[in-house]
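The values are calculated or read from the model by the stated rules, or taken from the named source; none is laboratory data. Everything numeric here is computed off the predicted structure, so don't read it as measured data. Virtual Cβ from ideal backbone geometry, glycine too; neighbours counted across all protein chains shown. Just so you know, the surface numbers come from the protein's heavy atoms only, side chains and all, with ligands and any DNA or RNA stripped out. Shrake-Rupley method; radii C 1.70, N 1.55, O 1.52, S 1.80 Å.
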Amino acid sequence: MLLLAVLLLVVIIVIAISVPEEWIPVRQWGLRLESAGAVGIIVFLLAAALATSVGLPRQMVAFTGGLAYGLLPGVALSLLAALCGCHLTVQVSRLLLRRQVERRYPAVIEKLTRLLQHDTFVKVLVLRLQPLGTNLLTNVCIGFTDVSYRKFLLASGVGYIPQMLVFSLIGAGVRVGETTQGLISGVLVLISVFLGLGLYVRHKNRQKNAIVESSR
């Protein structure tokens, strides 16, 4: 996971260094989306929600949001779209796939439910903080369980923020031609990864301590 984070950091730095003329058409496209006003925002939200619901990267949605609307509005709009896409995938999974999967793989669903039943927030948060996580697979699997949906959405929203901030920052940098913003984004990626790893290690240590205490 750390290797993947380093590779992603290299990509971000390369993008940040090569901003000038190559990004002019992209910048113009972003300005067109912004100039559409409320209609452009609605189109962006609908398209981004549908895109993330079928597994397209939420990072690209955040980049587009930052490009078209700037840093903070880009983060807010892309986060809302990603959560809507997340909700859509989970609901489709529950309504169309759950019964068939439960009939064919009851033992697997039982193990998955037990895995996510406790510390749901932390486990989902760790997954969302990783830069190359399986977003679509996570959403589909949640639809097969009865874990707290409120905790799942809350953890997803919190876990999405760092990467939404990173890629919206890159998009905003392209919008105004700021190379420094891309470099800041690379640092934020590493912070996000180490935060996720720290939460995971802390959670595993708590589990070990609980097992030791119960065996006494």
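Largest first, the residues Asp119, Asp146 sort by 1.4 Å accessible area into Asp146, Asp119. With all protein chains in place and ligands, DNA and RNA left out, the 1.4 Å accessible area ranks Lys111, Lys123, Lys151 as Lys111, Lys151, Lys123, largest first. Shape summary of segment 64-121, radius of gyration then Dmax from alpha carbon positions: 16.9, 47 Å.
Tyr149 sits with roughly 50 Å² accessible to a 1.4 Å probe, with DNA, RNA and ligands left out of the calculation. Heavy-atom accessible surface of Met60, to the nearest 10 Å², is about 110 Å², with a 1.4 Å probe and all protein chains retained.
Taking only C-alpha pairs under 8 Å that are 6+ residues apart, what is the relative contact order of segment 40-173 in percent? Can you show the working numbers first?
On the way: 184 pairs, mean separation 53.1, N = 134.
In percent, rounded to a whole number, it is 40.
Peptides 36-42, 166-172, 63-69 ranked from most to least packed give 166-172, 63-69, 36-42, packing being the mean of other C-beta atoms within 10 angstrom over each peptide's residues.
Give me D for segment 88-172 in µm² s⁻¹, whole number, from Stokes-Einstein with Rh from the Kirkwood sum over alpha-carbon pairs, 20 °C and 1.002 mPa s.
Approximately 157 µm²/s, per Stokes-Einstein.
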